[in-house]
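Since the structure comes first, as structure tokens, the remarks are kept for the end.
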Amino acid sequence: MSEDPGTPPAGAAKDWTIPQRWESYTPEDHATWDRLFERQAQLLPGRVTPLFLQGLDILRLSKPGIPDFEELSERLMKATGWQVVAVPGLVPDSVFFDHLANRRFVAGNFIRRPDQLDYLQEPDVFHDVFGHVPLLTQPVFADYMQAYGRGGQRAAAAGTIAKLARLYWYTVEFGLVRSGDSLQLYGAGIVSSYGESQFALDDPSPHRIRFDLKRVMQTRYRIDDYQQSYFVIDSFEDLLDQTLNTDFGPIYAELADAADIETDAILPSDHLYTRGTQAYAHEKRSA
Ligand code: HBI
Ligand code: FE
């Protein structure tokens, strides 16, 4: 799985970064950002971790229009020493890990078309910036992301990226965090999606399971629809503790021959917050 990073596309630097070219966004592009921002800003208070809302404030993301990465990086640098750099789209794993390990978050510089407000496959500037960057203003989460980048470099060498990628998926992209007796959103794939911001918290369909590192590393995930299971961390401190202070080497060795866990499975060892009905996934399948 450890791969040759390949050649960056024409116009990109060796590390796959490109100029954001903020001045080339059209009024329609900015209007798309504003519509997406307004929808999520209405929906998220009370659902998302307050640390995310704090991040929006620190970064002044409520200012209309697609953010200028230079301005954004200046504020983010002051908060946690991270920067945002533009890339054309998905970059190879090794390139991605190298940026994170150096506290650079890569963001797609393009924005979805107006007819794609609710769904697109490639991460665009709204997903990357609105979804991911606010929590990077929070020191513990900022350190977790850097640790993930460093872990990625080790996993690439060990041929275990697939296991590590599941950790990213079920935390950074689709994670939930416990707050007293209730659950809150923090995963970027959820908070940047109008539909999933509701589904992940309110729908009776998905399982909501207490986060466990090995369990997550064995669990498959869906890239084509809402998740069938979400994993709930106790706190960001706890997540950092379970990852930064853990040597993944022995875990990879232990899991090397373990069977994958299906997206909707429940194990006897799971601590369940919600046992989902899976009605949504079943309806979709028979449709
Ligand atoms: N590239 N631009 C971009 N954004 C990502 O989130 C990303 C990537 N390349 C690889 C990758 N994510 C993941 O597959 C790794 O976490 C394994
Ligand atoms: Fe993402």
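The values are calculated or read from the model by the stated rules, or taken from the named source; none is laboratory data. Every value quoted in this text rests on a predicted model; they were computed, and no experiment measured them. Counting neighbours? That spans all protein chains shown, and the Cβs are built from the backbone with ideal geometry, glycine included. Calculation scope for accessible area: heavy atoms of the full protein, side chains included, ligands and nucleic acids excluded. Shrake-Rupley method; radii C 1.70, N 1.55, O 1.52, S 1.80 Å.
Residue 200 falls short on exactly one of the conditions (1) out of contact with any strand residue (DSSP E or B) (no Cβ under 7 Å at 6 or more places or on another chain); (2) at negative phi, and that condition is (1). Total residues in the range 11-40 satisfying the condition of being farther than 20 Å from residue 90 by Cβ, open to solvent by 40 Å² or more (accessible area, probe 1.4 Å) and out of contact with any Pro (no Cβ under 9 Å at 6 or more places or on another chain): the figure is 6. Pairs, please: C-beta under 9 Å, at least 6 apart or cross-chain, first residue without any contact (Cβ under 8 Å) to a residue 60 or more places away in the chain and closer than 10 Å to residue 219 by Cα and in the range 159-170, second among the polar types (S, T, N, Q) and surrounded by fewer than 20 Cβ atoms within 10 Å (Cβ to Cβ)? Final answer for the pair search is 166/218. A single member of 215, 208, 178 is of a type in the set (Lys, Arg), within 30 Å of residue 41 (Cα to Cα) and open to solvent by less than 50 Å² (accessible area, probe 1.4 Å), and it is 208. Within the range 181-205, being in contact with a Ser or Thr (Cβ under 6 Å, 6 or more places away or on another chain) and either open to solvent by 10 Å² or more (accessible area, probe 1.4 Å) or more than 16 Å from ligand 2 (Cβ to nearest atom) (or both) holds for 184, 204, 205.
If you filter the range 124-139 down to residues that are in a loop (DSSP other than H, G, I, E, B) and within 13 Å of the chain's Cα centre (by Cα), you find that the one that is nearest to ligand 1 (Cβ to nearest atom) is 124.
Conditions tested, residue by residue: (1) under 14 Å from the mean Cα position of the chain (by Cα); (2) of a type outside the set (Gly, Ala, Ser); (3) closer than 23 Å to residue 102 by Cβ; (4) modelled with pLDDT under 95.
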residue: 141; (1), (2), (3), (4): yes, yes, yes, no
residue: 158; (1), (2), (3), (4): no, no, yes, yes
residue: 182; (1), (2), (3), (4): no, no, no, no
residue: 195; (1), (2), (3), (4): no, no, no, no
residue: 199; (1), (2), (3), (4): no, yes, no, no
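Hey, can you tell me all the residues within the range 82-123 that are away from ligand 2 (no atom under 12 Å from the Cβ), polar (S, T, N, Q) and either in contact with a Lys or Arg (Cβ under 6 Å, 6 or more places away or on another chain) or not in a helix (DSSP H, G or I) (or both)? Of everything in the range 82-123, those that are away from ligand 2 (no atom under 12 Å from the Cβ), polar (S, T, N, Q) and either in contact with a Lys or Arg (Cβ under 6 Å, 6 or more places away or on another chain) or not in a helix (DSSP H, G or I) (or both) turn out to be 83, 102, 109. Exactly one residue among 90, 72, 76, 59 is more than 23 Å from residue 152 (Cβ to Cβ) and out of contact with any strand residue (DSSP E or B) (no Cβ under 6 Å at 6 or more places or on another chain), and that residue is 59. Among the candidates 193, 179, the residue that is more than 10 Å from ligand 1 (Cβ to nearest atom), under 27 Å from residue 120 (Cβ atoms) and polar (S, T, N, Q) is uniquely 193. In this structure, residue 90 does not satisfy being open to solvent by less than 70 Å² (accessible area, probe 1.4 Å) and under 24 Å from residue 175 (Cα atoms). The residues in the range 70-97 that are more than 10 Å from ligand 1 (Cβ to nearest atom) and either aromatic (Phe, Trp, Tyr) or over 17 Å from the mean Cα position of the chain (by Cα) (or both) can be counted, and the count is 13. I'd like to check something: does the range 253-261 contain any residue that is of a type outside the set (Gly, Ala, Ser), surrounded by fewer than 16 Cβ atoms within 10 Å (Cβ to Cβ) and part of a helix (DSSP H, G or I)? Yes. Taken as a whole, the structure leaves residue 67 outside the set of residues that are touching a Pro at 6+ places or on another chain (Cβ under 6 Å), of a type outside the set (Gly, Ala, Ser) and open to solvent by less than 40 Å² (accessible area, probe 1.4 Å).
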